[in-house]
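Worksheet: one structure, shown below.
Here, each number is a calculation from the coordinates, and none is a lab measurement. All values derive from a computational prediction rather than experimental measurement. Note that each Cβ is placed from the backbone with ideal geometry, even for glycine, and that neighbours are counted across all protein chains shown.
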Amino acid sequence: MSTTTYQMVGFLLSILGLAGCIAATGMDMWSTQDLYDNPVTSVFQYEGLWRSCVRQSSGFTECRPYFTILGLPAMLQAVRALMIVGIVLGAIGLLVSIFALKCIRIGSMEDSAKANMTLTSGIMFIISGLCAIAGVSVFANMLVTDFWMSTANMYTSMGGMVQTVQNRYTFGSALFVGWVAGGLTLIGGVMMCIACRGLVPEETNYKAVSYRPSGHSVAYNSGGFKASTGFGSNTKNKKIYNGGAHTEDEMQSHPSKYDYV
């Protein structure tokens, strides 16, 4: 797929995922009463992150908000925080991704700036999806633990007979909405990050710097080193050091080892 396709698909999936996270956070059916082996069917109870509700067989429903914060379980408060953080990050990422769309031109914005904005929004969507999935999973784990603890307390060691009637709660519809929404947001963020690679310009322009050689010129001689300057015609040659030149008398008085070969 092209870069524009990746970006648009990721953008749409992120919108759906964010809407699902908001809906799941506001829903009341995070946990529903388990009706299996429950003789009382005239009353149906379910709970959410913000209030608990009771629905009677006549169709009348009464909900009561949680009037306390410190009195709530720590896991419930952690789930609230995760969902709120996920929604906030997703909203910021959505706002950034609108300006990063390739089909929208804002002034003289370069492709490199759009690539950076696309990458930023993609990372925010990924973190938002992970927060939503983590929050729903933590709540689901809490439900599973409470369910089996309630089941163990309901049965006695005498033949597994039911001794008392105790409400047990199972997964509500909000959990599945949260899982799907978190997955869509996560996939949308990954696709936005993939689209970022196609928005990066292939060639980078560098400012050229002109080079001018200096007025001094250096001449190299095999017999020695000679330096001269080219400021005028009356150039004076400096002393030449000829380390490799020897006179004939010196060569005869100091023969080298190669003379005996």
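The per residue volume of the convex hull around the alpha-carbon atoms of segment 3-199 is 145 Å³. Computed from phi, the 3J(HN,Hα) profile of segment 122-136 under the Karplus parametrisation 6.51, -1.76, 1.60 (θ = phi - 60°) reads x, 5, 5, 5, 5, 5, 4, x, 5, 5, 5, 5, 5, x, 5 Hz, with x in place of Gly and Pro. Amide H contacts of Arg168: Asp34, each under 5 Å away and 5 or more positions distant or on a separate chain (H built 1.01 Å from N in the peptide plane; Pro and chain starts excluded). Backbone phi angles across segment 172-177, fed through the Karplus curve with coefficients 6.51, -1.76 and 1.60 (θ = phi - 60°), yield HN-Hα couplings of x, 5, 5, 5, 5, 5 Hz in residue order; Gly and Pro are listed as x. The amide H of Ser52, built 1.01 Å from its N in the peptide plane, has Arg64, Tyr66 as neighbours under 5 Å, considering only residues 5 or more places off or on other chains. Exposure proxy shown here: for Trp148, Trp50, the number of other Cβ atoms within 10 Å sets the order, fewest to most, as Trp148, Trp50.
Scalar couplings 3J(HN,Hα) for segment 65-72, obtained by applying the Karplus form with A = 6.51, B = -1.76, C = 1.60 to θ = phi - 60°, are x, 7, 7, 10, 10, 6, x, 7 Hz; x denotes Gly and Pro.
Per-peptide packing, taken as the mean over residues of other Cβ atoms within 10 Å, places 116-122, 21-27 in the sequence 116-122, 21-27 from highest down.
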